[in-house]
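Inspection log for the structure reproduced underneath, given as structure tokens.
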Amino acid sequence: MLDSTESLRRFMRVAELGSFTKAADSLNLPKASLSQAVQQLETKLQTQLFHRTTRKVQLTSDGQLFYEKSKDVLSEIEELETLFISDDSQISGIVRVNMSQPMARHLVIPALHDFLQRYPKLNIEISSEDRKVDLISEGYDCVVRTGEVEESGMIMRKIGDMQQTNFASPGYLVMYGEPKSIADLQHHWLIHYQTSSHHRFDGFEYQHNGESHSVKMHSRICVNNTDAYRAACVAGLGIMQAPKLGAMEMLASGQLVEILPTLTAPSMTVFILFPHRRNLSKRVRVFMDWLCEVIQSHL
């Protein structure tokens, strides 16, 4: 019979990944072990925790409630387990974080080796997606977000402000000329961007005398992720407004150039978000502190 803490951990992994097979692979355990652990919990609790079909595994309403409570309980247990550890290098466990692909690729992953050398018993799971993830239901310890953030029940920690830049490809500028003023934009194209919440950015944003302005521009393409956004700009389909972070390699290779340097969009605030818990585990605290330092050093 498994101890209660290990049973909770196995249950939570199945809940987070929505699959016994994926959870078993991630924990390097037989699928039967996870199934047995969940069945034992359900018998003990006298309720069904998952709806099981051949295609997916989904939490029941009781399972969702049990999942929320289990996260708090495990956080408390982890805090107790590290309470008297004076050597931080002995902190262990997994930290799951979500951030943009450019931030992961250019800032965090290159610096991660030194962090893992400092904390050899920690494992980091990085997810990079353009969509807005749900920290609780998807089991993230923290996420990094930029721009306007509307999250209820989350703690927001401001990291800093990320400057934005205007970009175009050399081929685009040969065809349409380089704009030198806002008035020139009437003869140009803008790559439109649509977020996962269906908000469409269809205007050229800039600041003048401390105020923000936006000029609507025609477009021949609208995209919904940052990879496609940069690819469309490199292909000469229009002007792009974005942080320089994701375009550094394209700038260095000459695929993109900066334009209108005095007419940039407002800076984007960078936040780290994490669930509101009374006691945050030490592994998550040390990782978030390090993550903030890494990002701040490049803003």
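The values are calculated or read from the model by the stated rules, or taken from the named source; none is laboratory data. Bear in mind the structure is a predicted one, so any value in this text is a computation, not a measurement. Quick reminder, even Gly has a Cβ in these numbers, built from the backbone with ideal geometry, and neighbours come from all protein chains shown. Quick note on the areas: whole protein, heavy atoms, side chains included, nothing else; ligands and nucleic acids left out. Shrake-Rupley method; radii C 1.70, N 1.55, O 1.52, S 1.80 Å.
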If amide hydrogens are placed 1.01 Å from N in the peptide plane, which non-local residues have theirs closer than 5 Å to the one on residue 165? 242, 244
Working from Cα positions, state the angle (0 to 90°, nearest 10) between the long axis of helix 61-81 and the longest principal axis of the chain. 80 degrees
Antiparallel DSSP beta bridges within the chain, percent to nearest 5: 70 percent
Convert each backbone phi in segment 34-47 into a coupling constant with the Karplus relation 6.51 cos²θ - 1.76 cosθ + 1.60 (shift: θ = phi - 60°), then list the ³J(HN,Hα) values in order as whole Hz, x for Gly and Pro. 5, 4, 5, 4, 5, 4, 5, 5, 4, 5, 5, 7, 6, 7
Tell me, what HN-Hα J-couplings in whole Hz come from the Karplus equation 6.51 cos²θ - 1.76 cosθ + 1.60 at θ = phi - 60° for each residue of segment 104-117, using x for Gly and Pro? 5, 6, 8, 10, 7, 4, x, 9, 5, 4, 5, 5, 5, 5
Heavy-atom accessible area of segment 240-282 with neighbours in place, 1.4 angstrom probe: carbon+sulfur share in percent works out to 56 percent
How many angstrom separate the Cα center of segment 182-225 from the Cα center of segment 92-132? 32 Å
Scalar couplings 3J(HN,Hα) for segment 118-129 by Karplus 6.51 cos²θ - 1.76 cosθ + 1.60 (θ = phi - 60°), nearest whole Hz, x for Gly and Pro, are 6, 10, x, 9, 8, 10, 10, 10, 10, 10, 10, 9
What does the extension gain come out to for residue 174 and residue 132, with contour length at 0.36 nm per residue minus their alpha carbon separation? 11.4 nm
Any residue on another chain or 5+ positions along whose placed amide H is under 5 Å from the amide H of residue 201 is listed here as 193, 194, 195
What whole-number value in Å² describes the accessible area per residue of the chain for a 1.4 Å probe? 54 Å²
If I take every Cα pair under 8 Å that is 6 or more residues apart in segment 206-260, average their sequence separation and divide by the length, what percent do I get for the relative contact order? 21 percent
Ignoring any ligand, DNA or RNA, what whole percent of the accessible area of segment 119-228 comes from carbon and sulfur when the probe is 1.4 angstrom? 47 percent
Show me 237-248, 202-213 ranked by packing, highest mean number of other Cβ atoms within 10 Å first. 237-248, 202-213
